[in-house]
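One structure is given here, and the rest of the page talks about it.
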């Protein structure tokens, strides 16, 4: 198994997983993701396959002058979930972005859901990323009304909280051309 850029033939399986594994409130229109891949050329979609079967995928966005890459989506097929595929995808990503400062992500803040089951899921998700080399930073993110935290995996550069916050601010400024959308994203320590 090797992590490779998705081909057109992979998109039906990726789309099915995307709709199944992410709540509607967290999903961009899939056409926007594809536009970022093919028109704006700021996104990549990688797949981990066994034979012709897609086991997992990751969507990443690379833009801005700070060399940050956003891990926008990561999902694995339910049949292989908790079997190490997500970890293999994460382990392969730094090699795909060896010229970048690092990979950052947005995770929902554990303890902020107001629902015990959801908070457990959020804590498990945070633990997964931390076991795979990401650090949860003190940077708080209000992303379209959702309470989140930033995580970071250094490739060429370690970042402290304030550095990550400033770089993420510039990343969002560069990525979100629609100012009304950008105004709904707030970072703070």
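Quick notes
- Scanning the range 148-160 for residues that are farther than 19 Å from residue 89 by Cβ and either surrounded by 15 or more Cβ atoms within 10 Å (Cβ to Cβ) or touching a helix residue (DSSP H, G or I) at 6+ places or on another chain (Cβ under 7 Å) (or both) yields 148, 149, 150, 159.
- Residue ID - farthest from residue 74 (Cα to Cα), chosen from residues in the range 91-142 that are crowded, with 17+ Cβ neighbours inside 10 Å and in contact (Cβ under 8 Å) with a residue 60 or more places away in the chain: 101
- When residues in the range 1-46 are screened for being free of Cβ contacts under 8 Å to residues at least 12 places away in the same chain and touching a strand residue (DSSP E or B) at 6+ places or on another chain (Cβ under 7 Å), 1 of them pass.
- Only one entry of 28, 4, 49 meets the criterion of being closer than 20 Å to residue 174 by Cα and surrounded by 13 or more Cβ atoms within 10 Å (Cβ to Cβ), and that entry is 28.
- Restricting the range 161-177 to residues that are within 17 Å of residue 134 (Cα to Cα) and out of contact with any strand residue (DSSP E or B) (no Cβ under 8 Å at 6 or more places or on another chain) leaves a set whose member that is surrounded by the fewest Cβ atoms within 10 Å (Cβ to Cβ) is 162.
- Any chance residue 113 is under 28 Å from residue 82 (Cα atoms), in contact with a helix residue (DSSP H, G or I) (Cβ under 6 Å, 6 or more places away or on another chain) and assigned to a strand (DSSP E or B): no
Each reported figure results from applying straightforward, stated rules to the coordinates on display, with no laboratory input. From a predicted model like this one, the values you see are computed outputs, not experimental measurements. Glycine gets a Cβ as well: all are built from the backbone with ideal geometry, and neighbour counts include every protein chain shown.
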